[in-house]
Amino acid sequence: MSVCPSCEEPLEESDRFCGACGYDLSSAPLASAPDGRPEPATTRPPEGSAEWPAAQETDSSDTPAPVHLPTDLEGTESDGGALPASGVRFDGVPEGGAAAGAPDPRTATPEQLEAATPPAGTKLCVACRSGQVDPDGYCENCGHAQPRERDHMEQELGAVAAVSDRGLRHHRNEDAFVISSAALPDGSPAVVAVVCDGVSSATRPDDASLAATRAANESLHESLPRGTHPQQALHEAILVAAEAVNVLAREPATAREHQPHQNAPACTFVGSIVTRDLLVVGWVGDSRAYWVPDDRTATAARLTEDDSWAAQMVSAGLMSEAEAYADERAHAITGWLGADAYELEPHTASFKPDRSGVVVVCTDGLWNYAESAEQMAGAVPVDAAARPLHAAQVLTGHALDGGGHDNVTVAVLPFPGARQGAGSA
């Protein structure tokens, strides 16, 4: 088989399980023989017996028929249940009823079960609940691929919270976020949120977004305590994040030869810093930041301007916003972090809101379903400032309910910032 019969993922000849969905390839139908005739297929034996499949005759060229292997024979267990040649029951339980080497939970004593219990912290398979997961993310017992850690992530640090989800259409989450709190020289806190969206058309987009968020956060925690103005600190953090992504492209020439069609790793960037009286945003690409006041009678606002084809058309006066975003080229980005970026131009802006509210920092996986500031304000719960994690969860659900066509990542920062004191996260 060249592709998985379950999800059509390309396969290697040595694969026993699908790397994408964990499908047991030993249970798949056998392919046709080179001469065009079907390979012998196993059939369920008559009740209470097991028989070898009938041998095929030689063909017109006297070519011998394929040799039957012992694994072609379906056996019968002592309890009368049919056992396929793969050694797995039809109900999915491994032969013997438990993982290889593990006691059968139906007959084992409590002492045997306790002795077989894996050490605390051991990750067990989500499918069979008995096999341990190897470092590559597959069950050592049943071979199922395990959910990736980044498929769904949530974090809350009191003054800020974030949620990231793979969405309903993508096979992995290429977004990344980091939230933290740094101490300014006067001891007051500066709450930080950075969100990056990996560019899917580039190679290793998930690595790019992760590298950018981590590098930016480290930079901010170095510069803010020194007294660097938050807007300047965020500008410098974007440059540091860009360099971290550029490093990913510096791979051996031999690796490039095997993947000449792939672009350098790339991602978008949006970040926000909230202090006691200042709100700062910085961005490259089409990830966005919104301002949503607690008083919903006040005006909400989008704080960023996309680096995208549509935004350029509107800025140049060539198209209306409705016309530009209706075009199929609308979401083509014109700015990103990556070694093949045309020219890095970090955007930063600072604001001094005259009222309390929240900053929503997100990827296009969310704002595609709440594009205008008014639509975003309508999706944000009224108690978002008091319950930022709940607000981030609700906004993620809003995107998934809308279709979940992309990875979804959102951070919610209440303004004014946290009053309880700062700490590094």
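The values are calculated or read from the model by the stated rules, or taken from the named source; none is laboratory data. Not measured: the values here are computed from a predicted model. Because the Cβ atoms are built from the backbone with ideal geometry, glycine has one as well, and the counts that use them run over all protein chains shown. Surface accessibility is based on the protein's heavy atoms, side chains included, excluding ligands, DNA and RNA. Shrake-Rupley method; radii C 1.70, N 1.55, O 1.52, S 1.80 Å.
Exactly one of these conditions fails for Gly404: (1) open to solvent by less than 40 Å² (accessible area, probe 1.4 Å); (2) outside any loop (DSSP other than H, G, I, E, B). Give me its number.
Checking Gly404 against (1) open to solvent by less than 40 Å² (accessible area, probe 1.4 Å); (2) outside any loop (DSSP other than H, G, I, E, B), the one that fails is (2).
Does Ala392 qualify as being of a type in the set (A, V, I, L, M), out of contact with any helix residue (DSSP H, G or I) (no Cβ under 8 Å at 6 or more places or on another chain) and crowded, with 24+ Cβ neighbours inside 10 Å?
Yes.
State which residue is least open to solvent (accessible area, probe 1.4 Å) when the search covers only segment 320-344 and only residues that are at pLDDT below 90 and in contact with an Asp or Glu (Cβ under 8 Å, 6 or more places away or on another chain).
Tyr325
With the checklist (1) open to solvent by 10 Å² or more (accessible area, probe 1.4 Å); (2) in contact with a Ser or Thr (Cβ under 8 Å, 6 or more places away or on another chain); (3) in a loop (DSSP other than H, G, I, E, B) in hand, flag the one item Cys128 doesn't pass.
The number of the failed condition is (2).
When only residues in segment 135-160 that are open to solvent by less than 40 Å² (accessible area, probe 1.4 Å) and more than 18 Å from the chain's Cα centre (by Cα) count, which is modelled with the lowest pLDDT?
Gly143
Mind checking which pairs have a first residue in segment 207-226 that is more than 13 Å from Gly338 (Cβ to Cβ) and a second that is among the hydroxyl-bearing types (Ser, Thr, Tyr) and surrounded by fewer than 24 Cβ atoms within 10 Å (Cβ to Cβ), Cβ under 6 Å, 6 or more apart or different chains?
Hits for this filter: Asn217/Ser180.
Restrict the check to segment 286-302 and report whether at least one residue is open to solvent by 10 Å² or more (accessible area, probe 1.4 Å), touching a residue at least 24 places away in the same chain (Cβ under 8 Å) and more than 23 Å from Leu395 (Cα to Cα).
No: zero hits.
Can Tyr369 be described as farther than 18 Å from Cys267 by Cα, hydroxyl-bearing (Ser, Thr, Tyr) and modelled with pLDDT of 95 or more?
Values: farther than 18 Å from Cys267 by Cα: yes; hydroxyl-bearing (Ser, Thr, Tyr): yes; modelled with pLDDT of 95 or more: yes.
It is true that Tyr369 is farther than 18 Å from Cys267 by Cα, hydroxyl-bearing (Ser, Thr, Tyr) and modelled with pLDDT of 95 or more.
Do you know which of the residues in segment 218-231 that are open to solvent by 20 Å² or more (accessible area, probe 1.4 Å) and under 17 Å from Glu243 (Cβ atoms) is farthest from the chain's Cα centre (by Cα)?
Per the stated criteria, the residue is Glu222.
Would you be able to say whether some residue in segment 343-354 is within 27 Å of the chain's Cα centre (by Cα), closer than 19 Å to Pro205 by Cα and not aromatic (Phe, Trp, Tyr)?
Yes, segment 343-354 contains a residue that is within 27 Å of the chain's Cα centre (by Cα), closer than 19 Å to Pro205 by Cα and not aromatic (Phe, Trp, Tyr).
Would you be able to tell me the number of residues in segment 265-285 that are out of contact with any helix residue (DSSP H, G or I) (no Cβ under 7 Å at 6 or more places or on another chain) and either open to solvent by 10 Å² or more (accessible area, probe 1.4 Å) or among the acidic types (Asp, Glu) (or both)?
Residues meeting the conditions: 3.
Here is a yes/no grid of residues against (1) crowded, with 24+ Cβ neighbours inside 10 Å; (2) at pLDDT below 95; (3) of a type in the set (Ser, Thr, Tyr):
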site: Asp175; (1), (2), (3): yes, no, no
site: Ala183; (1), (2), (3): no, yes, no
site: Ala190; (1), (2), (3): yes, no, no
site: Cys196; (1), (2), (3): yes, no, no
site: Thr203; (1), (2), (3): no, yes, yes
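Output the residues belonging to segment 301-326 that are within 22 Å of Met376 (Cβ to Cβ), out of contact with any His (no Cβ under 9 Å at 6 or more places or on another chain) and not hydrophobic (A, V, I, L, M, F, W, C).
Arg302, Ser315, Ser320, Glu321, Glu323
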